[in-house]
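The values are calculated or read from the model by the stated rules, or taken from the named source; none is laboratory data. All values derive from a computational prediction rather than experimental measurement. All Cβ positions, even for glycine, are placed from backbone atoms using ideal geometry, and neighbour counts span all protein chains on display.
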Amino acid sequence: MFKGGMAGMMKKAQQMQDNMKQAQEEIKLLTATGKAAGGGVQVSINGEYQATNIQINDNVMDDKDMLEDLILTAFNDASQQIADASAAKMKTATGGMKIPGGMSLPF
């Protein structure tokens, strides 16, 4: 039926769970900096999607509406970087197997 039987399958599930926990801890330590307007606005966030730094060059401060848009763009850029890095780490941890959110191993 299964190579190694049920005990082997449970051992693999436990290993995958350990790998996922390790990946989640590594994700928390990630940082990313999103940029807009050629770096005129930079937003840094951590792996928990919390902003840690914002830098705004004087030359983009003339237009409030544009500045607000640039901050959003930079934050979304950083968020996408974290999401991509998180997905890559989790894919490695699960061996490419897709695990539904909130599901824990062993079942």
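Yes/no per residue for (1) modelled with pLDDT of 95 or more; (2) more than 25 Å from Ala93 (Cα to Cα); (3) not in a helix (DSSP H, G or I):
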{"site": "Lys35", "(1), (2), (3)": "yes, yes, yes"}
{"site": "Ser44", "(1), (2), (3)": "yes, yes, yes"}
{"site": "Asn53", "(1), (2), (3)": "yes, yes, yes"}
{"site": "Ile71", "(1), (2), (3)": "yes, yes, no"}
{"site": "Ala74", "(1), (2), (3)": "yes, yes, no"}
{"site": "Gln81", "(1), (2), (3)": "yes, no, no"}
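Report whether or not Lys12 is modelled with pLDDT under 95 and either surrounded by 14 or more Cβ atoms within 10 Å (Cβ to Cβ) or under 19 Å from the mean Cα position of the chain (by Cα) (or both).
yes
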Take region 15-33 and flag every residue that is assigned to a loop (DSSP other than H, G, I, E, B) and surrounded by 17 or more Cβ atoms within 10 Å (Cβ to Cβ). none
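Name the residue, out of Asp77, Asp69, Asp18, that is of a type in the set (Asp, Glu), under 30 Å from Met97 (Cα atoms) and touching a strand residue (DSSP E or B) at 6+ places or on another chain (Cβ under 9 Å).
Numbers: Asp69 fails: under 30 Å from Met97 (Cα atoms); Asp18 fails: touching a strand residue (DSSP E or B) at 6+ places or on another chain (Cβ under 9 Å).
Going through Asp77, Asp69, Asp18 in turn, just one is of a type in the set (Asp, Glu), under 30 Å from Met97 (Cα atoms) and touching a strand residue (DSSP E or B) at 6+ places or on another chain (Cβ under 9 Å): Asp77.
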